[in-house]
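The values are calculated or read from the model by the stated rules, or taken from the named source; none is laboratory data. What you see is a predicted model, and the numbers here were worked out from it, not measured in a lab. Cβ placement follows ideal geometry from the backbone for every residue including glycine, while neighbour counts extend to all protein chains displayed. Just so you know, the surface numbers come from the protein's heavy atoms only, side chains and all, with ligands and any DNA or RNA stripped out. Shrake-Rupley method; radii C 1.70, N 1.55, O 1.52, S 1.80 Å.
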Amino acid sequence: LSLHLIDGETADYYQAIIDGLRSLGLRSDEESGREVKWRWVGRYREVRLQVELLCPTRSRAGRPESPATDTAAELNIGPSDEIAALAVGFGHLVLDDTISVSRRVDTASGGLTYEFPVAGLTSWLCLKSDALMRRDRAKDAYDVVWVLDALGPDIASATVAASPLLGGPFANEVRAQLMLLINDQFRDDASVGPTGYAAFLEAQMADAARRHALGTVTAFGRELAAQGIAR
């Protein structure tokens, strides 16, 4: 999906998105009896799909990209109000920090190779740190540890160091958010990060899981410090 979903101006634009979601067998989700129009769920080719439509929470370069500060976090988009976007903290960083992932896909007209824009590691970590602060979902902590484990602290830190965000106007904001993640949310094994990681795994060896989570993020922090990014 386009990163500029809310830039569409015609009813056909939005209806095409809705029709595309429904063609995959997706429908808007429900939570506590309430329709969640920014999250669409279902199954396609025996795979469970979940599509979440997100938007930034602030404006950039004088152009509104987000709901005003006094509006709800969910912003209806399109004239039919059938879909919405969820305003997420630090979402404005994604536009300046994306990578392209190439995949061969099957379409109605045949196979082709498509370039998917994906949030870069730096913006993604900032979003996850904000999520740890604002909602109580253990998977956020698990996601952080899993990704840093998969990449390794050296590659992860080098990827962050190479991000265009650190050379742009949001550099101080990014550094502060990464420091919040490392020095507060994963400060010790009793902090929200390690505790959430162990809870998500439902680990019988919870103490070992918390220590592993703390060690992973601490090692990442040391590598960032060596890069001159963290302290």
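Going by the conditions given, is P194 in contact (Cβ under 8 Å) with a residue 40 or more places away in the chain and assigned to a strand (DSSP E or B)? Judged against the criteria, P194 is not a match.
All of V192, V217, V144 fail the test of being touching a Phe, Trp or Tyr at 6+ places or on another chain (Cβ under 6 Å) and among the β-branched types (V, I, T), apart from V217. Considering each residue of the stretch 141-148 in turn, none proves to be out of contact with any Gly (no Cβ under 7 Å at 6 or more places or on another chain), at pLDDT below 95 and either among the aromatic types (F, W, Y) or in a helix (DSSP H, G or I) (or both).
Candidates in the stretch 108-130 are the residues that are small (G, A, S) and within 18 Å of A156 (Cβ to Cβ); of these, the one that is modelled with the lowest pLDDT is A119. Among the conditions (1) in contact (Cβ under 8 Å) with a residue 12 or more places away in the chain; (2) open to solvent by less than 50 Å² (accessible area, probe 1.4 Å); (3) of a type outside the set (A, V, I, L, M, F, W, C); (4) within 18 Å of Y142 (Cβ to Cβ), G168 misses just one, which is (4). The set of residues from the stretch 195-208 being in contact with a Phe, Trp or Tyr (Cβ under 9 Å, 6 or more places away or on another chain) and surrounded by fewer than 16 Cβ atoms within 10 Å (Cβ to Cβ) comprises just one member, A203. Has the stretch 118-137 got any residue that is within 26 Å of G228 (Cβ to Cβ), surrounded by fewer than 16 Cβ atoms within 10 Å (Cβ to Cβ) and not small (G, A, S)? For the stretch 118-137, residues within 26 Å of G228 (Cβ to Cβ), surrounded by fewer than 16 Cβ atoms within 10 Å (Cβ to Cβ) and not small (G, A, S): present.
Scanning the stretch 191-215 for residues that are hydrophobic (A, V, I, L, M, F, W, C) and touching a Lys or Arg at 6+ places or on another chain (Cβ under 8 Å) yields A198, F200. With respect to (1) in a helix (DSSP H, G or I); (2) modelled with pLDDT of 80 or more; (3) surrounded by 13 or more Cβ atoms within 10 Å (Cβ to Cβ); (4) not aromatic (F, W, Y), the lone exception for D19 is condition (3).
Residues checked against (1) closer than 13 Å to L178 by Cβ; (2) of a type in the set (F, W, Y):
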site	(1), (2)
V105	no, no
S109	no, no
T113	no, no
F116	no, yes
T122	yes, no
S129	yes, no
R135	no, no
